[in-house]
Amino acid sequence: MIRAKRFLYMAILMITVLLICTGCSSEREERQLQLREQGISYLENGDYEKALNAFQAALDESLGEIGAMELDICYYKAEAQYMLGQIEEAIHTYTAIIGYNNSSKAYYLRGNLYYSQGKEAIALSDYESAIKYDGKGDYELYIGIYESMTANGNSEGLAYLEKAANLKGDSAYDKMQKGRIHFMMGRYGDSVAALTEAAAGGEAESYYYLAEVYLVTDKREEAEGALASYIASDVADSYRLYHIADAQITKGNYDIAIDCLEAALELELIPNKQIVMKSLVIVYEKVSDFTSARNVLEEYVKIYPEDEEAKRELTFLETR
């Protein structure tokens, strides 16, 4: 009887300990998730020091354990370090990720940082490692390497675009990416054909790339139709809309620019809201719509009161 009671007591004690440990673990995970979200918010708002502190605090909650969440936070941490100009520290963070799982993404991002330091040979080696450990044929990886090499004056990056164009796959997504690549290589006919098929297959993002091709080839009506379809989709992105608007401002196509900027401001998530609003004010002024320019600028000054130049511009507009 005594042994039975003792056994029962020990069993209850073990269960209690397990429950307590599980509870502690759940609390840590919840704190870690909250800190991660805080860090991302700081990152999006340009407060990189606070972002870095939040990400480090989130990693400290792991108590040395490494899983998918910790690796995800490390990528954000490296981004915050980079934005703070802490290049060596960011490289160290990516190196730690690579040491854990030979991440293709980490090799690529570390290669970019090495390139920024003028260490081309090491950067190219990292790019090759990124391709080696890429197990899914990531188009974005090949395109990113091409863009980085091109930006650094290395024309051999075109070879990576060719490799991407020859990746296997015939889904709507594959066609969209290959349409992008054809466009980047100046194969506009092939690009339109692939992107049109991709759009018909349900890849709404293809409309954005179609708009780019049509704008470059001066097919305005087709471009406006593609843009309208992109804006109406649930994948519209403020960065891409701003990208098109910025290019069209340079060309003097102010109506297209206004459509894109206004559409960007209608989105639920607008990380680049400040530059979008400032650009919209500029375009309204270029078409002499000073009332609309003043309305946007009044709202802008409320959101960004620290912009003294905008306040002076508002005073000027109020006299028009």
Determine which single condition residue 132 fails, assuming it passes every other condition in (1) open to solvent by 20 Å² or more (accessible area, probe 1.4 Å); (2) in contact with a helix residue (DSSP H, G or I) (Cβ under 7 Å, 6 or more places away or on another chain). (2)
Scan the stretch 175-216 residue by residue and report those that are among the β-branched types (Val, Ile, Thr) and either out of contact with any helix residue (DSSP H, G or I) (no Cβ under 6 Å at 6 or more places or on another chain) or over 22 Å from residue 137 (Cα atoms) (or both). 192, 196, 213, 216
For residue 103, only one of the following conditions fails: (1) modelled with pLDDT of 95 or more; (2) within 19 Å of the chain's Cα centre (by Cα). What is its number? (1)
Give the residue that is nearest to the chain's Cα centre (by Cα), with candidates limited to residues of the stretch 213-235 that are surrounded by 22 or more Cβ atoms within 10 Å (Cβ to Cβ) and closer than 22 Å to residue 282 by Cβ. 227
Let me spell it out: the conditions are (1) open to solvent by 50 Å² or more (accessible area, probe 1.4 Å); (2) outside any helix (DSSP H, G or I); (3) among the β-branched types (Val, Ile, Thr), and residue 270 meets all of them except one. Which number is the exception? (1)
Would you check if residue 61 is open to solvent by 80 Å² or more (accessible area, probe 1.4 Å) and more than 16 Å from residue 116 (Cβ to Cβ)? no
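Condition test on residue 44, is it in contact with a helix residue (DSSP H, G or I) (Cβ under 8 Å, 6 or more places away or on another chain) and open to solvent by 30 Å² or more (accessible area, probe 1.4 Å)?
On the way: in contact with a helix residue (DSSP H, G or I) (Cβ under 8 Å, 6 or more places away or on another chain): no; open to solvent by 30 Å² or more (accessible area, probe 1.4 Å): yes.
In short, no.
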Anything in the stretch 272-294 that is in contact with a helix residue (DSSP H, G or I) (Cβ under 9 Å, 6 or more places away or on another chain), more than 18 Å from residue 240 (Cα to Cα) and not β-branched (Val, Ile, Thr)? List them, or say none. 284, 285, 286, 289, 290, 292, 293, 294
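Regarding residue 106, is this residue in a helix (DSSP H, G or I), open to solvent by 40 Å² or more (accessible area, probe 1.4 Å) and closer than 19 Å to residue 133 by Cα?
Details: in a helix (DSSP H, G or I): yes; open to solvent by 40 Å² or more (accessible area, probe 1.4 Å): no; closer than 19 Å to residue 133 by Cα: yes.
When the stated conditions are applied, residue 106 does not pass them.
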Residues that are within 22 Å of residue 170 (Cβ to Cβ) and in contact (Cβ under 8 Å) with a residue 24 or more places away in the chain: which helices (runs of 4 or more DSSP H) entirely in the stretch 180-253 hold 2 or more of them? 188-200, 206-216
Got a number for residues in the stretch 276-297 being open to solvent by 70 Å² or more (accessible area, probe 1.4 Å) and part of a helix (DSSP H, G or I)? 5
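The values are calculated or read from the model by the stated rules, or taken from the named source; none is laboratory data. Note that the coordinates shown come from a computational prediction; the quantities given were computed from them, not determined experimentally. A quick note on method: Cβ atoms are made from the backbone with ideal geometry, for glycine too, and the neighbour counts reach across all protein chains shown. These area figures cover heavy atoms from the full protein model, side chains too; ligands, DNA and RNA do not enter into them. Shrake-Rupley method; radii C 1.70, N 1.55, O 1.52, S 1.80 Å.
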